[in-house]
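*Asks:* Just passing along the structure, written as structure tokens.
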Amino acid sequence: MKLDQSRLEYYITPEQAAKQLGLDLYSIYQLADEGKLQAAVMTDGSIGISQISVNNLLPKEALPEYQLNASLKGIPISINEAGRKYKLNTSTLTRWMQRGLIHQLGKEGRKTLLDEADVAYCANVYRQNSGQGKWAFDDSGRPYKK
């Protein structure tokens, strides 16, 4: 039987967690004490911090899924154009904009302009969750894990 390594937890040092989150070591230990970061004692006696729990505290823009389309950040795209390009219903895009998942960059006449990086990220998460737009994101704009 082969072990599925993608399902294994990966631990990093508290110093690495502090660097990723832009915090000091005291704050990392405090977050671990509060249960906001998962910590464990490693076999050598050192403390390990769960990389998944660190990722859960990062803003969505720092997630690898978001970074795939980071080059589109700040590029305006209309709701109708985004719907055609990403094969999404415009009402879904409007709802995501109203929830704050997609930033509105402005207006051009009657057109609402969205940040294309946000649209691409949301479209990707939506597709990974089998088109369950209502349930694809948590309140912070992160994808729900199945």
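*Asks:* Mind checking whether some residue in the range 2-11 is open to solvent by less than 40 Å² (accessible area, probe 1.4 Å) and either out of contact with any His (no Cβ under 9 Å at 6 or more places or on another chain) or over 15 Å from Glu116 (Cα atoms) (or both)? Explain how you work it out, then say what you get.
*Replies:* Looking only at the range 2-11, we keep the residues that are open to solvent by less than 40 Å² (accessible area, probe 1.4 Å), and these are none.
No, that holds for no residue.
*Asks:* Collect the residues in the range 16-28 that are more than 18 Å from Ile52 (Cβ to Cβ) and open to solvent by 70 Å² or more (accessible area, probe 1.4 Å), keeping them in residue-number order.
*Replies:* Asp24, Tyr26
*Asks:* Name the pairs whose Cβ atoms lie under 7 Å apart, with the first residue in the range 10-26 and at positive phi and polar (S, T, N, Q), the second surrounded by 15 or more Cβ atoms within 10 Å (Cβ to Cβ) and outside any loop (DSSP other than H, G, I, E, B), and 6 or more positions between them or separate chains?
*Replies:* none
*Asks:* Turning to a different aspect of this structure: May I ask you to list pairs of residues, at least six apart or on different chains, whose Cβ atoms are under 7 Å apart, with the first in the range 52-70 being closer than 10 Å to Tyr121 by Cα and open to solvent by 60 Å² or more (accessible area, probe 1.4 Å) and the second being outside any helix (DSSP H, G or I) and at pLDDT 85 or above?
*Replies:* Matching pairs, first to second residue: none at all.
*Asks:* If Ala40 meets every condition in (1) assigned to a loop (DSSP other than H, G, I, E, B); (2) on the phi < 0 side of the Ramachandran plot; (3) open to solvent by less than 70 Å² (accessible area, probe 1.4 Å) apart from one, which number is that one?
*Replies:* Of (1) assigned to a loop (DSSP other than H, G, I, E, B); (2) on the phi < 0 side of the Ramachandran plot; (3) open to solvent by less than 70 Å² (accessible area, probe 1.4 Å), only one is false for Ala40: (1).
*Asks:* Consider Glu81 carefully, then state whether it is touching a strand residue (DSSP E or B) at 6+ places or on another chain (Cβ under 9 Å), acidic (Asp, Glu) and in contact (Cβ under 8 Å) with a residue 12 or more places away in the chain. Let's see the steps before the verdict.
*Replies:* Values: touching a strand residue (DSSP E or B) at 6+ places or on another chain (Cβ under 9 Å): yes; acidic (Asp, Glu): yes; in contact (Cβ under 8 Å) with a residue 12 or more places away in the chain: no.
So Glu81 does not fit the description; no.
The values are calculated or read from the model by the stated rules, or taken from the named source; none is laboratory data. Values in this document were obtained by computation on a predicted structure and should not be read as measured data. Note: ideal-geometry Cβ built from the backbone for every residue, glycine included; neighbour counts use all protein chains shown. Ligands, DNA and RNA are stripped out before the accessible areas are found, and what is left, the full protein with its side chains, is counted by its heavy atoms. Shrake-Rupley method; radii C 1.70, N 1.55, O 1.52, S 1.80 Å.
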